[in-house]
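Okay, structure first, notes after.
The values are calculated or read from the model by the stated rules, or taken from the named source; none is laboratory data. This structure is a prediction, so every number in the text was calculated from the model and none was measured. Here the Cβ is made from the backbone with ideal geometry for all residues, glycine too, and neighbour counts use every protein chain on show. Side chains included, ligands, DNA and RNA excluded: accessible areas come from the protein's heavy atoms. Shrake-Rupley method; radii C 1.70, N 1.55, O 1.52, S 1.80 Å.
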Amino acid sequence: MDLAYVCEWEKWPKSTHCPSVPLACAWSCRNLIAFTTDLRSDDQDLTRTIHILDTEHPWDVHSVSSQHREAITCLEWDQSGSRLLSADADGQIKCWSMADHLANSWESCLGSMVEGDPIVALSWLHNGVKLALHVEKSGASSFGEKFSRVKFSPSLTLFGGKPMEGWIAVTVSGLVTVSLLKPSGQVLTSTESLCRLRGRVALADIAFTGGGNIVVATADGSSASPVQFYKVCVSVVSEKCRIDTEILPSLFMRCTTDLSRKDKFPAITHLKFLARDMSEQVLLCASSPTSSLVECWSLRKEGLPVNNIFQQISPAVGDKQPMILKWRILSATNDLDRVSAVALPKLPISLTNTDLKVASDTQFYPGLGLALAFHDGSVHIVHRLSLQTMVVFYSSATPRSVDEPAIKRPRTTGPAVHFKAMQLSWTSLALVGIDNHGKLSMLRISPSMGHTLEVSLALRHLLFLLEYCMVTGYDWWDILLHVQPGMVQSLVEKLHEEYTRQSAALQQVLSTRILAMKASLCRLSPCTVTRVCDYHTKLFLMAVSSTLKSLLCPHFLNTPDKSPGDRLTEICAKITDVDIDKVMINLKTEEFVLDMNTLQALQQLLQWVGDFVLYLLASLPNQGSPLRPGHSFLRDGTSLGMLRELMVVIRIWGLLKPSCLPVYTATSDTQDSMSLLFRLLTKLWICCRDEGPSSEPDEALVDECCLLPSQLLVPSLDWLPVSDGLVSRLQPKQPLRLYFGRAPTLPGSATTLQLDSLSRAPGQPKMDHLRRLHLGAYPTEECKACTRCGCVTMLRSPNKTTAVKQWEQRWIKNCLCGGLWRRTPPSCP
């Protein structure tokens, strides 16, 4: 475990950020981090502030004045990572969502209130989706074997079984409040006491059962008092939310029953279920002013012994032994330094048995560890069941050279810097901590968990987690932290190999996600940088192809056979004629009729297709150079076939409206550029199409392609967006020091230098990468950029045509690569 970067606040003259008490922190599956601070002004007024940042651009933090009157006690992301709940010590709960789907623009339009009753626990209702990871089957070929869907019921369902959205919270006075979001936008809120005798609840946590029930654990803060558990059932009756509660078995911490340590740990400081959907296991931490002790408990069904007399009276009792639920301690630590924060894993690794022996024998794996932060500044990763220490990190240790005498090291004065809040990423490969000075630290957690692993085994761990992100749609930034340049080639090849083993239907679903994943991996190595251009271009080509084909309409609405797009693909694959007009004869041209304004609005996309075909054919004589962008397309029969289909569509649309055709600069006025390019493209496609045997392009084709630059002006393509992210610039054992609100000058590397050579230099005209429009060197329009690949596009559409709106709607929430959008500041000359 090592430090990747730290980010802190700059000193301001009239106000300053100070850590809030308590300090809340949450990490979403999209790798967005939310945390709280109090903004203190000169007149000592406090503004409760929520900060949201993307882990790739931590300096670009979005700070929002939460309007909470009291300290914020809880932050909680939803399952999609696009909405955030905040709750405070006055009983107010707010729901935050992205404004215009921008990761650095947030607004609150929903909420609920329990007047004057502080919230101590908060959670979204479960949506019924649970995926189990089977580590022991990581070598299986099918994703269905590695990641299985677990039967799990939502907390509440609408008509038809659709899960109902909402949240549940527990207050300090022992109330449970549930708010339900109706499809109409209305919020139904109901409040109920957890039990008849209400008492103070200092700590609480919420978990869910497979049957759709909710389990709430509470403690009054004293280790001498029992930890209580309650079952909560939520239903809707007569358009009103109803809450039913039931008391479950409670427990006393083991340390309070030990006479030698009965009064040593007077307070329970942390109470957490091991996972939101694991209500049978709970973690407890009891503390004194200087030390702590952690215990892990498990709820089990145990047989109730029956006296022989009752067995004789009722023989059925003897056949079926009565069962009761009982808490049993799994493990406990020895006396530790005082625990300041706890972070639990979110990776749903399936353990077949919760027995301690099984837990201790299980292979060390990131998702099996939970993090404990201590007041001495250290962080321990311990096994979530056995509580054995797996790896240790000392944040307060100052690095020094081997030759430096220890006596010269400055002595630290005052309390050690320690984490007040921590969160593990969704793959447990990274840890974020906010310390008592308000500084954010990002730590890498090695897949080996401090143990020596063979390179092949480390690659298998990373590959397994990449596949998990591919299946779930979660962001994989934290996995990239551990990918070294030498690993990239092997990971990309193995990822593609595993992908091709899946069913055709699943491959189609994951086709864009695996391309985005390969592109992000190839950014990390100077040897594979040009492949990033190819993967981004293929994503764009697939999007253009599917959008243009979707505009085709069948001539008769009740046509039972294939769609026009499918027929186009079938006919173009069957007819290998190099004459574009002969291919057109076999198509029903009436299906290609579109409105003239629509065709004109699509001209920029059609121009890109034509320019790309020309560039590929002109680069064929240099196909021996893999460092040239576009190299992989020259042997990709699927992509060449896609381009061939689009050329046919463009030719037909050009007959309807010639001004929508791609514009070429030719040396001859009589040159039919479209026919020439289609003829050469078809010859190249025949060499590598899937249906026939692959062969090398003949010399005649290469010679014709050599002549292309003398016949047509070959355009310079805008290959790669400029990405100012961190992950390709992070170096092992060399943490970066960053500041919130100030864009850094990041150190370069061989990889970033090659990436920059494929991007537009500062001051050159910028390009809208989705609309293929030139924005000028200093765009006046508001723009947004992808948090991952750096793709830039205008925030507002300049075109109102239906077809263009359909194209732009594809990218409202996410970029081509699946990354989130963030608003970019205006460019200045």
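Note on the stretch 511-571: along the principal axes its Cα atoms extend 53, 18, 14 Å, ordered by decreasing extent.
With a sphere of radius 11 Å drawn around the Cβ of residue 474, what net charge do the other residues whose Cβ falls strictly inside it have (Lys, Arg +1; Asp, Glu -1)? Here the charged neighbours net out to +1.
Its relative contact order, with pairs defined as Cα atoms under 8 Å and 6+ residues apart, puts the stretch 52-187 at 17 percent. Ordered from longest to shortest, the equivalent ellipsoid semi-axes for the stretch 1-91 are 22, 18, 11 Å, each the square root of 5 times a Cα gyration tensor eigenvalue. For residue 126, the residues whose modelled amide H falls within less than 5 Å of its own, excluding neighbours fewer than 5 places apart on the same chain, are 155. Summary value for the chain: 11 percent relative contact order, contacts being C-alpha pairs under 8 angstrom separated by 6+ residues. Using the Cα gyration tensor of the stretch 507-650, with a ≥ b ≥ c the square roots of its eigenvalues, what is the shape: rounded (a/c below 1.5), prolate (a/b larger than b/c) or oblate (neither)? Prolate is the answer for the stretch 507-650, as a/c is 1.5 or above and a/b outweighs b/c.
Candidates 732, 298, 449 compared by Cα position along the dipole of the chain: farthest toward the positive end lies 298, with charges placed on Cβ. In the list [x] 0.99; [y] 1.37; [z] 1.07, the label attached to Cα Rg over 2.2 N^0.38 Å as derived from the coordinates here is [z]. Count Lys and Arg as plus one, Asp and Glu as minus one, and take only other residues whose Cβ is under 15 Å from that of residue 566; the net charge is then +1. With a Förster radius of 30 Å applied to the C-beta separation of residue 115 and residue 40, the computed FRET efficiency comes to 0.65. For the stretch 1-106, relative contact order (Cα pairs under 8 Å, six or more residues apart, normalised by length) works out to 20 percent. Accessible area of residue 538 (1.4 Å probe, protein heavy atoms only, ligands and nucleic acids ignored): about 50 Å². Ordering 533, 653, 385 by Cα displacement along the dipole of the chain toward the positive end leaves 385 in first place; charges were set at the Cβ atoms of Lys, Arg (+1) and Asp, Glu (-1).
Evaluating 6.51 cos²θ - 1.76 cosθ + 1.60 at θ = phi - 60° for every residue in the stretch 766-774, the Karplus couplings come out as 8, 10, 7, 6, 9, 8, 6, 10, 7 Hz, glycine and proline recorded as x. Working note: Cα atoms of the stretch 466-577, range along each principal axis, descending, whole Å: 55, 32, 23. Here the peptides 789-796, 646-653 are ranked by packing, the mean other Cβ count within 10 Å, and the order with the highest first is 646-653, 789-796. Partners of residue 420 within straight-line reach, counting lysines whose Cα lies under 26 Å from its Cα and excluding those fewer than 8 residues away in the same chain: 11, 14, 94, 264, 272, 346, 439, 733. Between residue 107 and residue 782, residue separation times 0.36 nm minus the direct Cα-Cα distance comes to 241.1 nm. The HN-Hα couplings worked out from phi for the stretch 197-205 by the Karplus form 6.51 cos²θ - 1.76 cosθ + 1.60 (θ = phi - 60°) are 8, 6, x, 5, 10, 8, 10, 7, 8 Hz, whole numbers, x standing for Gly and Pro. Using modelled amide H (1.01 Å from N, peptide plane; none on Pro or chain starts), what sits under 5 Å from the amide H of residue 55, excluding residues fewer than 5 places away? So residue 55 has HN proximity to 33. The charge dipole of the chain, taken about its Cα centre with unit charges on the Cβ of Lys, Arg, Asp and Glu (plus for the first two, minus for the last two), comes to roughly 1220 debye. Indicate the gyration tensor shape class of the stretch 186-328 (rounded, prolate or oblate), computed on the Cα atoms with a ≥ b ≥ c the square roots of the eigenvalues: a/c under 1.5 is rounded; otherwise a/b larger than b/c is prolate and the rest oblate. Oblate, since a/c reaches 1.5 and b/c is not below a/b. Report note on the peptides 499-506, 420-427, 150-157: ranked by the mean count of other C-beta atoms within 10 Å, highest first, their order is 420-427, 150-157, 499-506. Considered as an equivalent ellipsoid built on the Cα gyration tensor, the stretch 58-183 has semi-axes of 31, 20, 15 Å, the largest given first.
Quick one: plug the Kirkwood hydrodynamic radius of the stretch 116-193 (C-alpha pairs) into Stokes-Einstein at 20 °C, 1.002 mPa s, and report D in µm²/s. Answer, rounded: 143 µm²/s.
Could you work out [θ]222 nm for the chain from helices alone, using -39500 (n - 2.57) per DSSP H run of at least four and dividing by all its residues? Round to the nearest 500 deg cm²/dmol. Write down the numbers at each step before the final one.
Values: 19 runs with 205 residues, N = 829.
Result for the chain: -7500 deg cm²/dmol, rounded to the nearest 500.
Histogrammed with a bin width of 10 Å, the alpha carbon distances of the stretch 243-313 distribute as 15, 35, 26, 16, 7, 1 percent, first bin at zero. Centre-to-centre separation between the Cα atoms of the stretch 779-802 and those of the stretch 219-298: 49 Å.
Using R0 = 35 Å, the C-beta based FRET efficiency linking residue 454 and residue 21 works out to 0.15. Quick one: net charge around residue 174, please, counting Lys, Arg +1 and Asp, Glu -1 for every other residue with C-beta under 12 Å from its C-beta. Local net charge: 0.
Close amide H partners of residue 739, meaning residues 5 or more places away or on another chain with modelled amide H under 5 Å apart, are 8.
Among 66-77, 326-337, what's the highest-first ranking by average C-beta atoms within 10 angstrom per residue?
Top to bottom by mean Cβ count within 10 Å: 66-77, 326-337.
In order along the stretch 266-271, phi translates into HN-Hα couplings of x, 10, 8, 9, 9, 9 Hz, rounded to whole numbers, per the Karplus curve 6.51 cos²θ - 1.76 cosθ + 1.60 with θ = phi - 60° and x for Gly and Pro. Taking a 18 Å limit on the Cα-Cα distance, which of the listed pairs 137/494; 130/162; 518/538; 137/301; 162/231; 588/800 fall beyond it? From 137/494; 130/162; 518/538; 137/301; 162/231; 588/800, over 18 Å: 137/301; 162/231; 588/800.
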